[in-house]
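Below is one structure, written out as structure tokens, with a few remarks after it.
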Amino acid sequence: MIKSIFTSDGVKISYQILRSTKEKGTIVFLHGLTGSGSAFQPILNNFLSDEYSLLIPDFRSHGLSGNSSKFSLDLFENDLKSILKNEKLKNIYLVGHCFGTLVAFDFAQKNPQVINDLILISPPFGNKNFRSNFIKHMAKISNLNIKKFENRSQGQVDYQELKRFKDWDKTRMLSDWKNTSIKTLLELLRLIGDYKTQEKIKFPFKTLLIHGQKDTVAPVENSIKLAEIINPSELIILPGLHHVDIVLDPKSSKFDKIILDFLKKGSS
């Protein structure tokens, strides 16, 4: 079911919620930079059949959500808290991919009491070259005509129909930008670039880091570094996988099975 709420600053946040009849808890999926919740669509039934409820929001100025002129981690945190409160959700398993890992990581540090497990897939933060590398590819893909993406149309990309799973794929990225806008993308790149992690973090729950060995967007060293910082944590590096296919091509990455196995270990 697709639902929406309005935040305290008047932004519509759209989200999909699927409730299990025998609820073990709620898995929250946070999508990546310029994407939307549709990235996780192919694997949702696998988690539902395992008796988890699912929550998949679109970030502000992404997908089906409304436009926002302001972006901060505090705002993203409050957006998620508003949805959880509206749906009366507890026992949260938080999963983020790409930019979604930054929101998830920040949310978990500020609200550890509501998190059961944290799963970070291909985190981009912690790498000082990420922003400049992304902007370089943006300019190349758009042929320096970035102005044509100043405005956005609300919508979601059907990634399975598009079948474009390679990092920096021009067709997929241009489709994403239409639903996001360049202004939003640049603001989120600023948040990623400015974020500073602590030297050591001890969580009262487990953290799983998953990263593709051949990730050309966010290097695998990001997850290696975070695994050293976060306690307790587990790191899984997937040979031959990249940044995008790890989520959009679950038949190859099997990341949904990896997550379920991790959750089952915690409940056993």
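A short reminder: the numbers here are calculations on the coordinates, not readings from a lab. Predicted model only: the values in this text are computed from it and were never measured. Here Cβ is always computed from backbone atoms with ideal geometry, including for glycine, and neighbour counts include all displayed protein chains.
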Ranked by GNM mean-square fluctuation in the chain (Cα springs under 10 Å), the top entry among Ile119, Ile210, Ile135 is Ile135
Find which of Asn86, Ile27, Ser253 sits farthest along the positive direction of the dipole of the chain, computed with +1 on the beta-carbon of Lys and Arg, -1 on that of Asp and Glu, about the Cα centre. Asn86
State the Cα centre-to-centre distance between segment 150-224 and segment 57-124 in whole Å. 14 Å
So, over other residues within a Cβ distance under 13 Å of Phe125, counting Lys, Arg +1 and Asp, Glu -1, the net charge is +2
In the chain, which helices (entire DSSP H runs) extend 20 Å or more along their own long axis, judged by Cα positions, while averaging at least -1.0 on the Kyte-Doolittle scale? 73-87
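How much length, in nm to one decimal, is gained on full extension between Ser82 and Gln198, taken as 0.36 nm per residue of separation minus their Cα-Cα distance?
Gain in length upon complete extension: 39.1 nm.
Average the reciprocal distances over every distinct pair of alpha-carbons in segment 2-267, invert the result, and give the Kirkwood radius in Å. Could you put the intermediate results ahead of the total?
Values: mean 1/r = 0.0545 Å⁻¹.
Final number for the Kirkwood radius of segment 2-267 is 18.4 Å.
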Placing each pseudo-label 7 Å from Cα in the direction of the beta carbon, Ala139 and Gln213 end up separated by a distance in nanometres of 3.4 nm
Förster-model FRET efficiency, 35 Å R0, Arg164 and Ser4, C-beta, rounded to 0.05: 0.80
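When the Kirkwood hydrodynamic radius is evaluated over all pairs of different C-alpha atoms of segment 1-139, what value in angstrom, to one decimal, is obtained? Write out the running numbers ahead of the final one.
Values: mean 1/r = 0.0650 Å⁻¹.
After inverting the mean inverse Cα-Cα distance, the result is 15.4 Å.
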